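Reading through the structure tokens given below for one structure.
The values are calculated or read from the model by the stated rules, or taken from the named source; none is laboratory data. Computed from a prediction, not measured in an experiment: that's the story for all the values here. Here the Cβ positions follow ideal geometry from the backbone for every residue, glycine too, while neighbour counts run over all protein chains shown.
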Amino acid sequence: MSLNKVILTVLEEQNILKTTKTKPIVDAIKNRKKISFYYSGPRKPKKDSVKPGKRIDAEAVALGLSKRGNLIMRAYVQPPSVSKKGFNKTGWRTFILSRMSNVEISDETFDSKRPQYKEGSDNSMSVTYVTSDWTKQPKVKKEKKPVQPTPKPTEPTVTPEKPTTTVTKPEVSPEPEKQELPQPKPEVKPEPIQKEPETSEPEKEELPEPKPEEKPSKNPEGEEEDKNLQESLRKIKRLMFS
């Protein structure tokens, strides 16, 4: 290859890789960032047709020129991406950049090599411009924490202490045990009082009747004795019937 052709190839490569469409894809391939896009592949001939639809989180590893001169990208895709062939045999696909639209570059990276991945230039490409760099980890932007201003020391404010009133709950004395009240005894009907038989009045003692006065013989001394005897009898009668 002559020097002029080499220079033209380099200039062509630089122009291709710096367009508004290719530059984000190139950066995503180098930094191993996932790509989502809508693809409207060729429909003719039918055997080479591709089902149009959304490709989600494709892992692009190379970009270059196909043997027909188209700028193509090789990527690994999985469901829910659309595919006519399915993903049973392999997930590797090549996409023509001119048929890609609504390209979205994710901040999520892929850090493992998929099965059947080959290092270096892609055999399906006549020229390989860009490949994924596995020698270094992609830079992760650290979020800067906002610097909080140090608060100025403030003079302590003395607040008067409030008297604390402690409310003591009244002691609740335990309830006295219920004492069993004595059960009332069954009323005992008093026995009828037997009246004592009425006692008859004591019989009056019969006083000895006075003996018939004997006519005393005329004797002056005897008369006086009779008088005295009669008076004593009278006194006795008075006492008895008084």
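Assigned to a loop (DSSP other than H, G, I, E, B) and at pLDDT 90 or above, is that true of residue 138? For residue 138, the condition - assigned to a loop (DSSP other than H, G, I, E, B) and at pLDDT 90 or above - is not met. Screening residue 11 on (1) surrounded by fewer than 16 Cβ atoms within 10 Å (Cβ to Cβ); (2) modelled with pLDDT of 70 or more shows it passes everything except condition (2). Among all positions in the stretch 99-109, there is no residue which is in contact (Cβ under 8 Å) with a residue 12 or more places away in the chain, out of contact with any Asp or Glu (no Cβ under 8 Å at 6 or more places or on another chain), at negative phi and part of a loop (DSSP other than H, G, I, E, B). Checking each residue in the stretch 58-99 for being more than 21 Å from residue 112 (Cβ to Cβ) and among the charged types (D, E, K, R) picks out 67, 68, 84, 85, 99.
Which of the residues that make up the stretch 29-83 are of a type in the set (A, V, I, L, M), over 45 Å from the mean Cα position of the chain (by Cα) and farther than 23 Å from residue 123 by Cβ? Once the filter is applied, which keeps residues that are of a type in the set (A, V, I, L, M), over 45 Å from the mean Cα position of the chain (by Cα) and farther than 23 Å from residue 123 by Cβ, the stretch 29-83 yields only 82.
Within the stretch 88-129, the set of residues being over 50 Å from the mean Cα position of the chain (by Cα), surrounded by 14 or more Cβ atoms within 10 Å (Cβ to Cβ) and closer than 22 Å to residue 56 by Cβ comprises 92, 93, 94, 95, 96, 97, 99, 100, 117.
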